[in-house]
1. Quick one: count up the residues across the stretch 2-55 that are at pLDDT 95 or above, assigned to a loop (DSSP other than H, G, I, E, B) and among the polar types (S, T, N, Q).
2. Name the residues in the stretch 20-40 that are among the aliphatic types (A, V, I, L, M) and under 28 Å from Glu3 (Cβ atoms), would you?
Amino acid sequence: MNENIFKRYELLAGKVIKGLQSRNMAGYYAESREEALSLALSLIPEGSSVTMGGA
């Protein structure tokens with residue numbers, strides 16, 4: 001993918017993360033699929049259940 005596109009994604013992610021922080025939420029940015037997976041798994045405590053709730 002074009003290097004400019006990656007830079008754009010990084011800048012947009014920074015803006016979104018800053019907005020989340022202003023609302024007392026955490027945001028994360030990962031440069032690759034592998035990094036995102038590792039980050040997501042590190043945020044889930046051992047023995048936790050992950051589900052998808054509905055309305």
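The values are calculated or read from the model by the stated rules, or taken from the named source; none is laboratory data. Predicted model, so just to flag it, every value in this text is computed and none were measured. Ideal geometry is used to build each Cβ from the backbone, glycine not excepted, and the neighbour counts take in all protein chains shown.
1. 2
2. Leu20, Ala26, Ala30, Ala36, Leu37, Leu39, Ala40
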